[in-house]
Amino acid sequence: MAYTLDPQIEHLLRRAGFGARPDELDTYRAESFTGAVALLTNYERVPDDVDAKIGQPGYVGMTTRAPFAPNSNIVDARQRWLFRMLHSNRPLQEKMTLFWHNHFATGYTKLAGQLSPAEATRYMAARPSEDPGRVRGQIEMLRDNALGNFRDLLVSVAKDTAMLYWLDGYANTRARPQENFGREILELFSMGVGHYAESDVYAAARVFTGWNVGRQGGGADRSQPLVFVFNANQHDTLAKSFTFPVTRDGGKTIPARAAAEGMQDGIDLIDALAASPDTARYLARKLYRFFVSDLGAEDDGWVDRIARVYLDNRYEMRPVIREVLLSREFWDARSQFARYSWPVEFVIRALKDIGWTGFSVNDALVPLSNMGQNLYDPPDVAGWESGPSWFSTGSMLARMNFASTLAANQRFRLAASAGAAAATPESLLSHVLDALKTPPLDRVITSELTSYLRATGAWTGSPAQLQAKVPGLVHLIAGTAEYQFV
Amino acid sequence: MNVTRRQFVKGGVGAFTVTFAAPGFLNDLALAQGGRVRNLVVLYLSGGNDALSMLVPYNDPFYYSRRPTLAVPAGSVLQVGADSSRAALGLHPRLTGLKQVFDQGKLALIQRTGYENQSRSHFQGTDIWATADPRNPSGFGWVGRYLDSLPSPIDPLIGWNTTRDLPRVLQSAHTPVSAIPSAAGYAFASPNGGAEAAAERAAAVRINSHVPVDRPELAFVYGSARAALATLDRVATVASYGGTVAYPGSGLGQALKAVSGAMVRSIGTRVFYVTTGGFDTHSAQNTNAANGSYFGLMATLDDALFAFYSDLRNQGLLDDTLLITFSEFGRRITENGSQGTDHGAATVMMAMGGRVNGGLYGTAASLAPDPANPTLENSAGDIRFETDFRSVYAQVIDQWLGADSRSILNGDFRKAGLGFI
């Protein structure tokens, strides 16, 4: 099979998705750049049918010990998300869901300790149409709002059951305000550290007093799901003062309010945070790292421009992301392969490049953990430390070893598809480099790779030789430093 | 136009290859000269450790009035005497192993460590403790800067980080530190066996000896792979280490077992980084019940540290080892409405080892909720620092690592009366 090189479309799909399956390449190659970006950002036009493909032939496999239960078993939830990253025809929706998961980083492990493993999975991952209480897990909520309005997203996050447990909002009461959520909404979810004072944290905690959890329907029926409730009698009704504007007229004080109207305090604060130029720039900086480049400083001109698009469009993310993907800086040659891939980006891209038939995504979970990324369980509320922090001796070994596992799993398919290119080690290498869509490799590296192909005996290109050498070669290439960049 | 990557392959830009120093060279030399090695273990208690529950001022009435559900009863603390301000102190009741170490004079407890305008952010706070630089906490770590001060070539196993990613404490300008979460899993896999697998590993070693001079980000990733390949066989010798005592199955216990194994097998590592989490106890902190959250944290800590201490003693390595702990901040004095504590300021540090001059260092705060109380800050909400944390680092750098703290910490933080080592 001959591969056509299309570096721009490959670049777009590595960033706005998780790499390119052969059929995805065909779809997007038929489009202009703006057409491809429109197809990615207007994903509602593409059928949301990926879950129906689970268990069908031709798709990656899953391994379950019991009936597949992605709404209550965290291992199955992880497998379903990896399946969606690999097979969804709405790659940008999955990519932005991952972006928000990292931004509003909520961890399964703490919730499992507070609730139970099944309930923690439910409030993180349940799909409402499949849940008896129609619970929408946090990640499903983020997926539904992946290119939505950031202000609405903040409101949904503040009322999200998993978040209310994760940052202890369930216990935020009038007599003893709980600072955890109030601090992180300022530090990590909106303005960023350095743009508020310690007194703002205490005021924010008081704003969210009474934003608690109760049983759906308001009773004590334990079979009902846990949902957000505003406990008016636990709300601090006094005025709250900030060091930054929090009212529409630029005032810095949220006025004293009757308890019954106290929920408006939180809405006022969220409105102010969403409208803050500091929030706009904080988000833009994160988007630069997520979509454009990990190298060098963030481009200040770009950050200001994207921040302006965010404010001008009243916090709608779709025009923001469209601007990101159409920006000159995004397409610049210096931005290609300029991001250290996140572990899930590396794993899904490898599956798309190397093959998935007969592989179970379950066998990617321990390797992903060794690479430093457990989906649904970021290390803390700041999310994963990305960029060079993904790389260490241990995590690099885990990447190389995953490449080995996958190459061994795909042995016969890889050898068969290389048959036509097996005349010489050089022709085989060229075929495999194309299949893996690698960036340019230094000649020193390509010459080591052909030396490897010749290392254990004369080159014949026989099926037996290909069945040993092609997986070995795929392992070495997917384990190069170059392949770790997207 | 069909273009293939064969035509796309880049010409050989400037590149060179590197090799590492002979393993354990410095170590062997020191031992041959009759010197003793000095191992440093840095233990990070992640989340902000509640110092008031670990080292309890059990005669302070405000400790009880401000913590109605969380205070440890005076009758259950493990008394460790009084500090120089005559404050009576006791360890958390679950720290029975550390109490024994304290009684043997090998545990120092340094009270009220912190810094001016202490950050209440986990992330900024951790970076400040890691860099020892409150003004610019985005640079290299204090241990990383120490490693950079060593003469090259430096063995890539000089440091062993038991977490997967490189903590800022160990980040350095040019010293690689290995990340080895599990010695047993630290191996090179291959889709083939026998001669094919050997040829693959040899190719991987040659490929990763390549250093692209024009692409520092690539050089960095190559460096990680290269350091892993160069040290696999030495690390494998640690995987079989069983210990002279039973280590707990916790992550911390298993990490400390590997640290001990690395010392026993003399693989050349000098600096180890270990972490244990769960200290961000905003709610249901539950200090006193056996199944309580903070009680469990103390159990994890005590069981792992006491096993490590006992193993080192049995192996004759206690005098070669210093372990220190840190956490990003202490916690609010007054408990919150969810039986937990919010982010605070000064906290307690520990130092443990055969050469440690054990005992209580510094003085306890008075917890009287008076805004004028000089031992508190933030309207008497939090404990104010008394000993700059960099003074503790200075003691470790000068007296244990044998380097100059003034150059590594960019200032003179040496403090009289802090001779815990």
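Below are the figures for this structure:
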read-out	value
Other protein chain Cβ atoms within 10 Å, averaged over every residue that makes up B:178-187	4
Distance between modelled label sites at A:Gln56 and B:Gln104, nm, 7 Å Cα→Cβ extension	6.5 nm
5 angstrom amide H check on B:Gly90, placed H, neighbours 5+ away	B:Val56, B:Tyr58, B:Val80
Heavy-atom accessible surface of chain B: percent carbon and sulfur, 1.4 Å	53 percent
MRE, 222 nm, helices only [DSSP H, n ≥ 4, -39500 (n - 2.57), over chain A, to nearest 500]	-14500 deg cm²/dmol
Among A:44-51, B:164-171, B:357-364, the order from most to least packed when residues are scored by Cβ within 10 Å on average	B:164-171, B:357-364, A:44-51
Assigned charges on the beta-carbon of Lys, Arg, Asp, Glu; the protein assembly as shown dipole about Cα centre (debye)	1060 debye
Rg/Rg_ref, chain B, where Rg_ref = 2.2 N^0.38 Å and atoms are Cα	1.07
Percentage relative contact order, region A:1-157, counting C-alpha pairs under 8 Å, at least six apart	20 percent
Reduced Cα scattering model of chain A, Debye log10 I(q)/I(0), q = 0.06, 0.07, 0.09 Å⁻¹	-0.30, -0.41, -0.65
Under the Karplus curve 6.51 cos²θ - 1.76 cosθ + 1.60, θ = phi - 60°, whole-Hz ³J(HN,Hα) for region B:141-154, x wherever Gly or Pro sits	x, 5, 6, x, 5, 4, 4, 5, 7, 6, x, 8, x, 9
Region A:54-88: trypsin sites (Lys or Arg not before Pro) in DSSP coil with no more than 12 other Cβ atoms inside 10 Å	A:Arg65
Prolate/oblate/rounded label for region B:271-421 (Cα gyration tensor, a/c 1.5)	oblate
Rounded accessible area per residue of chain B, 1.4 Å, Å²	36 Å²
Crossing angle, helix B:194-207 versus chain B [Cα axis fit, 0-90 degrees, rounded to tens]	80 degrees
For B:Ala179, distant residues with modelled amide H under 5 Å away	A:Thr393, A:Gly394, B:Asn161
Shielding of A:374-381 by partner chains, average beta-carbon count, 10 Å	2
Using alpha-carbon coordinates, inclination of helix A:317-326 to the longest axis of chain A, degrees	30 degrees
Mean Cα-pair separation over length for region B:232-302, i.e. relative contact order, pairs under 8 Å, 6 or more apart, %	24 percent
Fraction of accessible area attributable to carbon and sulfur, chain A (%, probe 1.4 Å)	52 percent
Test item: B:337-346 mean partner chain Cβ contacts at 10 Å	4
Interface size A-B, as summed buried accessible area [1.4 Å probe, Å², nearest 100]	5700 Å²
Residues with amide H under 5 Å from that of B:Arg331, placed H, sequence gap 5 or more	B:Ala51, B:Leu52, B:Gly344, B:Ala345
Sites matching trypsin sites (Lys or Arg not before Pro) across region A:215-266 that sit in DSSP coil, with at most 15 neighbouring C-beta atoms within 10 Å	A:Arg222, A:Arg248, A:Lys252
Tilt relative to chain B, helix B:216-239 - C-alpha long axis, 0 to 90 degrees, to 10	80 degrees
Farthest toward positive dipole pole in the protein assembly as shown [+1 Lys/Arg, -1 Asp/Glu at C-beta], among A:Gln224, A:Ser116, B:Ala88	A:Ser116
Shielded by partner chains, region B:214-248 residues - at least 50 Å² of accessible area, 1.4 Å probe, vs chain alone	B:Glu217, B:Leu218, B:Phe220, B:Val221, B:Tyr222, B:Ser224
Solvent-accessible heavy-atom area per residue, rounded to whole Å², over chain A at 1.4 Å	34 Å²
Magnitude of the charge dipole, region B:271-388, Cβ model with Lys/Arg +1 and Asp/Glu -1, debye to 20	140 debye
Relative contact order, percent, region B:347-421 [alpha-carbon distance under 8 Å, six or more residues apart]	26 percent
Reachable lysines from A:Lys95, criterion Cα separation under 21 angstrom, eight or more residues apart if same chain	A:Lys53, A:Lys286, A:Lys352, A:Lys437
Lys, Arg +1 and Asp, Glu -1 on Cβ, resulting dipole of region A:47-152 about Cα centre, debye, nearest 20	200 debye
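The values are calculated or read from the model by the stated rules, or taken from the named source; none is laboratory data. On a predicted model such as this, the values are computed, not experimentally measured, just so you know. FYI the Cβ positions are ideal-geometry reconstructions off the backbone, even for glycines, and counts take in every protein chain you see. The protein model used for the area step is the full one, side chains on, heavy atoms only, and it has no ligands, DNA or RNA in it. Shrake-Rupley method; radii C 1.70, N 1.55, O 1.52, S 1.80 Å.
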